[in-house]
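First comes the structure, then the notes that go with it.
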Amino acid sequence: MTQPVTIYLFRHAQSQGNVKKIVGGNLPLTELGDRQAQDCAKHFSTIDYRAVYSSDRLRAQQTARYFAQAKGLTVQIDQDLRERDYGVYENRDDKDYKEEVRGLFPVFDRLPPAAKMEFKYYPSYETSASMVKRFRAALIRIAQANPGATVMVVAHERAIWLFLHAIGFIKDYKIMFDCIENTGWVKLVYDQTFRVLDSYELKLG
């Protein structure tokens, strides 16, 4: 029988992309973000976690490194923990992005939940279904590699939010801006299925 695994799933600390309102990209943490990451790791330092994982994005890795340093661990990278791939709009100004796709918002809003998960605003846009599939697979791999242990995982706002919707913790499908604060977190247990035990700095609808 597989031993249950406890996963603390964090959004990264404040990045330069958050401040500059850049879509996606790979910008580092701000000075405030670096302090947030250090404070968060210090807060959780009494927990006996055995591994630290991060997406391959710099903002997530820089957040995760403080968790790793606290226990003498190495940050393990899994690119499937990334935020949504915005395709041609990666590294673009968020205001410009929203202006250019705004006309499709009413179309999206009228769709049933399943169709929303498969909706593409433009050809290179990663669907929510695709993002959740890879994100969930990454968490399952992490759990299977750490039976009975507690692990820390640093990822991204939209990926975490939609994953929580997919496992039934978020009942209504909503894409909300600032739905998870920087260093906000959710505590999960995985034992063939995922269950949420606790959360902090999440908007639930």
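The values are calculated or read from the model by the stated rules, or taken from the named source; none is laboratory data. What you see is a predicted model, and the numbers here were worked out from it, not measured in a lab. Here Cβ is always computed from backbone atoms with ideal geometry, including for glycine, and neighbour counts include all displayed protein chains.
Key figures for this structure:
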| quantity | calculated |
| --- | --- |
| Exclusive hit being modelled with pLDDT under 95 and either within 15 Å of the chain's Cα centre (by Cα) or of a type in the set (G, A, S) (or both), set G33, G24 | G24 |
| Residue selected from the range 40-55 under the condition within 18 Å of Y200 (Cβ to Cβ) and of a type outside the set (F, W, Y), by the criterion surrounded by the fewest Cβ atoms within 10 Å (Cβ to Cβ) | T46 |
| Which listed residue, of D78, D85, D96, is acidic (D, E) and under 30 Å from D48 (Cα atoms) | D78 |
| Meets criteria (within 21 Å of G17 (Cβ to Cβ) and of a type in the set (A, V, I, L, M)) for A159 | yes |
| Members of the range 124-140 found to be among the hydrophobic types (A, V, I, L, M, F, W, C) and either touching a residue at least 60 places away in the same chain (Cβ under 8 Å) or not in a helix (DSSP H, G or I) (or both), listed by number | A138, L139 |
| Residue in the range 141-151 that is part of a strand (DSSP E or B) and either farther than 17 Å from N18 by Cα or in contact (Cβ under 8 Å) with a residue 24 or more places away in the chain (or both) present | yes |
| Given (1) closer than 30 Å to Y49 by Cβ; (2) loosely packed, with under 13 Cβ neighbours inside 10 Å, index of the condition F105 fails | (1) |
